[in-house]
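Everything on this sheet refers to the single structure shown next.
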Amino acid sequence: ISDNRFGSEIVTDKGKVFKFDEVGCMIDYALVKNLIGDANQKFLVTDFAVPETLIDANSAFYVHNENIRSPMGLNVMSFESEVSRQKFIAESSGSILNWVDVIELVKQRSM
C-alpha cells in the first residue's frame, strides 16, 4: 500500500486477504472476478480521517476530489462517518458519493 490513507482490501469467505492501493483497484479486481454483490466477500476501505482503520466499503461515506491525488488516480476518499465526510468537504471540497457511485465511477473510467 503506497499511501495508507487510500488502502482497501477484500477478505474472501475463506479468509484470504487481497490488498489494494485504492478503492478503484479493488473494484476493478472485483468486477473482473464477478465479486460485486457477493455477500460472502468483505470489501473494506481505509478511513481517510483515521488511516489505520478499515471500514465496510458498503456503508462508508465517499468523496471525490481531483485535488487530492490517490495512488492510482481515482481520487476518492472514504470516511467512517457522515460527520468526518462533511468536515473534509468543508475544508477541501469535493463531490459526495456512495458505494454504488464509486463502482459506477470506476466502470466509467475503465471504458
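Miscellaneous remarks
- In summary, Ala30 fulfils each of the numbered conditions (1) in a helix (DSSP H, G or I); (2) in contact with a helix residue (DSSP H, G or I) (Cβ under 6 Å, 6 or more places away or on another chain); (3) among the aliphatic types (A, V, I, L, M) with the single exception of condition (2).
- Of the residues screened, Ser78 is not one that is within 18 Å of Glu91 (Cβ to Cβ), among the hydroxyl-bearing types (Ser, Thr, Tyr) and part of a loop (DSSP other than H, G, I, E, B).
- Residue match in region 50-59 (condition: touching a residue at least 24 places away in the same chain (Cβ under 8 Å), surrounded by fewer than 19 Cβ atoms within 10 Å (Cβ to Cβ) and assigned to a loop (DSSP other than H, G, I, E, B)): yes
- Annotation note: Cβ proximity below 6 Å between a residue of region 1-27 that is free of Cβ contacts under 8 Å to residues at least 24 places away in the same chain and in a strand (DSSP E or B) and a residue that is small (Gly, Ala, Ser) and open to solvent by less than 50 Å² (accessible area, probe 1.4 Å) (sequence gap 6+ or interchain) occurs for Phe20/Ser8.
The values are calculated or read from the model by the stated rules, or taken from the named source; none is laboratory data. Everything quoted here is computed from the prediction, not taken from an experiment. Cβ sites come from the backbone with ideal geometry, for glycine too, and all protein chains shown count toward neighbours. When the accessible area is computed, the model is the full protein with side chains, heavy atoms only, and any ligands, DNA or RNA have been set aside. Shrake-Rupley method; radii C 1.70, N 1.55, O 1.52, S 1.80 Å.
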